[in-house]
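Note sheet for the following structure.
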Amino acid sequence: MPTESHPAPLLSLAGPTGSGKTHLAMLLAEAAQARGITVELISMDSALVYRGMDIGSAKPTLTERAAVKHHLIDILDPTEAYSAARFASDTKRLVSEIRQRGNVPVIVGGTMLYWRAFAYGLSSLPPADSVIRAHLDAQGKALGWPAMHAELMALDPITAARLEPNDSQRIQRALEVVQATGKPMSVWLAESPSDDGRAGSLIPGWLRLVSLEPSERAQLHQNLESRFDAMLHAGLIDEVRTLRTQPGIHADLPSMRAVGYRQVWEFLEGHINTEQMRYKALAATRQLGKRQLTWLRAIEGRTVFNPFDASGLQSALQYCLQELGTVK
């Protein structure tokens, strides 16, 4: 995105799932308000866009949303699809609107593909091919996505190496690209004229990235386990059960592939028991966090804080407040 689109640096808060991004954002908004600055938050989360997906997505509470204005939450039904390109477009518009009101936009979330699209622009990958996609869907259901991942490894080992064997959505897209064009996705990305956020990418000058990165992985895992158990206690299974009754909702939708929802759906189908559901959900959540950290650590120029250390969280808050002196 051109620098001239952003008259002042823009603050973004990122980190792996469960690292406390929303907590920091709310602390920042409250502290800024005490200084006469009104912060509006732009959600950078691929699950929060969906209505009815509240518990499993750790959506900010109604109280939090009443206290601080949030954007890009509850904007779609679960039957609809959202994309990195749409996020980049929506966020560019929102940043302009928020600034016109005299307030300060802050991006907060962990969907790093969205951040990359907003920060660097998207690579010129070919458009989706519905015929090839339908064929791959059928193959994936018949053979299993680990087998499809193995096929991708033979065709595009660079892309396959960064994907989990059950990451159906991204495996499907990578296979679609190579089947439609005869050229692997990794080659398309390498030939892209834009810096799309690959390893070693420097943050654009109009962005400030605060990254919450726990120093102890075990501490993050414990936090994720406690959080998922709290979701179950709060009614996650009933939430997914209700979603399943809505017309047009099925297991292959992007919304229902979200971590936690996918595993509870499998449980409600009778394929796994409660213990297996919990184990698989926690494993998928840890894998998601690992991927998010990998994305973040490849970005040069980010400012890192440990959110599970009291002094680290306070330092992050003070840093963000200092940035608000220039982030308008």
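The values are calculated or read from the model by the stated rules, or taken from the named source; none is laboratory data. Nothing here was measured: the structure is a model prediction, and the numbers come from that model. Glycine gets a Cβ as well: all are built from the backbone with ideal geometry, and neighbour counts include every protein chain shown.
The residue pairs whose first member lies in segment 72-84 and is over 18 Å from Gly110 (Cβ atoms) and outside the structural domain of Leu94 (by TED's automatic domain parsing), whose second member is assigned to a loop (DSSP other than H, G, I, E, B) and polar (S, T, N, Q), and whose beta carbons are closer than 8 Å, counting only pairs six or more residues apart or on different chains, do not exist in this structure. From the list Ser194, Ser186, Ser168, Ser201, the one residue that fits, being surrounded by 17 or more Cβ atoms within 10 Å (Cβ to Cβ), of a type outside the set (D, E, K, R) and modelled with pLDDT under 85, is Ser186.
Just one of the listed residues (Tyr114, Tyr50) is closer than 16 Å to Lys21 by Cβ, surrounded by 22 or more Cβ atoms within 10 Å (Cβ to Cβ), hydroxyl-bearing (Ser, Thr, Tyr) and assigned by TED's automatic domain parsing to the domain that holds Asp229, namely Tyr114. Annotation note: Cβ proximity below 6 Å between a residue of segment 17-33 that is farther than 11 Å from Val108 by Cβ and a residue that is in a loop (DSSP other than H, G, I, E, B) and among the polar types (S, T, N, Q) (sequence gap 6+ or interchain) occurs for no pair.
When the residues of segment 265-312 are filtered to those that are of a type in the set (A, V, I, L, M, F, W, C) and in a strand (DSSP E or B), the one that is farthest from Ser226 (Cα to Cα) is Ile299. On inspection, Ile75 fails the criterion of being in contact with a helix residue (DSSP H, G or I) (Cβ under 7 Å, 6 or more places away or on another chain) and among the β-branched types (Val, Ile, Thr). Out of Lys21, Lys59, one residue alone is outside the structural domain of Arg173 (by TED's automatic domain parsing), within 21 Å of Arg208 (Cα to Cα) and among the charged types (D, E, K, R). It is Lys21.
A quick yes/no check of all residues on (1) within 28 Å of Arg244 (Cα to Cα); (2) more than 19 Å from the chain's Cα centre (by Cα):
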| site | (1), (2) |
| --- | --- |
| Ile37 | no, yes |
| Leu41 | no, no |
| His71 | yes, no |
| Asn103 | no, yes |
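Out of all the residues in segment 93-103, is one or more surrounded by 15 or more Cβ atoms within 10 Å (Cβ to Cβ), under 26 Å from Arg173 (Cβ atoms), assigned by TED's automatic domain parsing to the domain that holds Pro16 and among the β-branched types (Val, Ile, Thr)? No, every residue in segment 93-103 fails to be surrounded by 15 or more Cβ atoms within 10 Å (Cβ to Cβ), under 26 Å from Arg173 (Cβ atoms), assigned by TED's automatic domain parsing to the domain that holds Pro16 and among the β-branched types (Val, Ile, Thr). Among the residues of segment 127-140, the ones that are free of Cβ contacts under 8 Å to residues at least 60 places away in the same chain and either within 14 Å of Arg170 (Cβ to Cβ) or loosely packed, with under 12 Cβ neighbours inside 10 Å (or both) come to 9 in all. Per the conditions (1) farther than 26 Å from Trp295 by Cα; (2) in a helix (DSSP H, G or I); (3) under 22 Å from the mean Cα position of the chain (by Cα), the sole criterion not satisfied by Gln139 is (3).
Checked against (1) buried (at least 18 other Cβ atoms within 10 Å of the Cβ); (2) more than 27 Å from Leu24 (Cα to Cα); (3) touching a Gly at 6+ places or on another chain (Cβ under 9 Å), Met256 passes all but a single condition, namely (3). Here Arg244 fulfils each of the conditions (1) closer than 21 Å to Tyr82 by Cβ; (2) at pLDDT below 90; (3) basic (Lys, Arg) apart from (2). Residue count for segment 228-242, restricted to those that are loosely packed, with under 15 Cβ neighbours inside 10 Å and within 16 Å of Gly18 (Cα to Cα): 2.
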